[in-house]
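In what follows, a single structure is set out as structure tokens and then discussed.
The values are calculated or read from the model by the stated rules, or taken from the named source; none is laboratory data. Because the structure is a prediction, the values reported are computed rather than measured. Positions of Cβ are generated from backbone atoms using ideal geometry, with glycine treated the same way; all protein chains shown enter the neighbour counts.
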């Protein structure tokens, strides 16, 4: 189901589709629908549909939108991101309402993770 004005799909430009898929699978347990050698859809957590995609035909940009992921255990997520090969770029740090950190994936995309 889609909701008016809600984020429906996030697409990340990637320089290495296989390495980026492995990173997100290892760090967050994501799974993918493969659409050939240059694109993979990110499956929704409930297994119904997709929430985004990895596009190897686009150029990664650190200046793109900042996607934030929620975590029930920020410290464990940070360890998983590092173990999967992500680079922590900021934090973790406190902010009003919680804590968060930023990281880059193997293609250079910057994302954030927060906990309340």
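For segment 8-24, which positions are modelled with pLDDT under 95, within 14 Å of the chain's Cα centre (by Cα) and not in a strand (DSSP E or B)? Answer for segment 8-24, where residues must be modelled with pLDDT under 95, within 14 Å of the chain's Cα centre (by Cα) and not in a strand (DSSP E or B): 9, 14. Residues being exposed (fewer than 13 other Cβ atoms within 10 Å of the Cβ) and modelled with pLDDT of 90 or more: count how many of those fall in segment 80-97. Of the residues in that region, 4 qualify.
Could you say whether any residue in segment 48-59 is surrounded by fewer than 16 Cβ atoms within 10 Å (Cβ to Cβ), out of contact with any strand residue (DSSP E or B) (no Cβ under 6 Å at 6 or more places or on another chain) and over 17 Å from residue 10 (Cβ atoms)? No; the residues of segment 48-59 include none that is surrounded by fewer than 16 Cβ atoms within 10 Å (Cβ to Cβ), out of contact with any strand residue (DSSP E or B) (no Cβ under 6 Å at 6 or more places or on another chain) and over 17 Å from residue 10 (Cβ atoms).
Which one of these is under 23 Å from residue 114 (Cα atoms) and touching a residue at least 40 places away in the same chain (Cβ under 8 Å): 29, 86, 63?
Sole residue among the options that is under 23 Å from residue 114 (Cα atoms) and touching a residue at least 40 places away in the same chain (Cβ under 8 Å): 86.
The set of residues from segment 25-42 being assigned to a helix (DSSP H, G or I) and in contact with a strand residue (DSSP E or B) (Cβ under 9 Å, 6 or more places away or on another chain) comprises 25, 27, 28. Among the candidates 77, 22, the residue that is touching a strand residue (DSSP E or B) at 6+ places or on another chain (Cβ under 6 Å) and either farther than 19 Å from residue 116 by Cβ or surrounded by 11 or more Cβ atoms within 10 Å (Cβ to Cβ) (or both) is uniquely 77.
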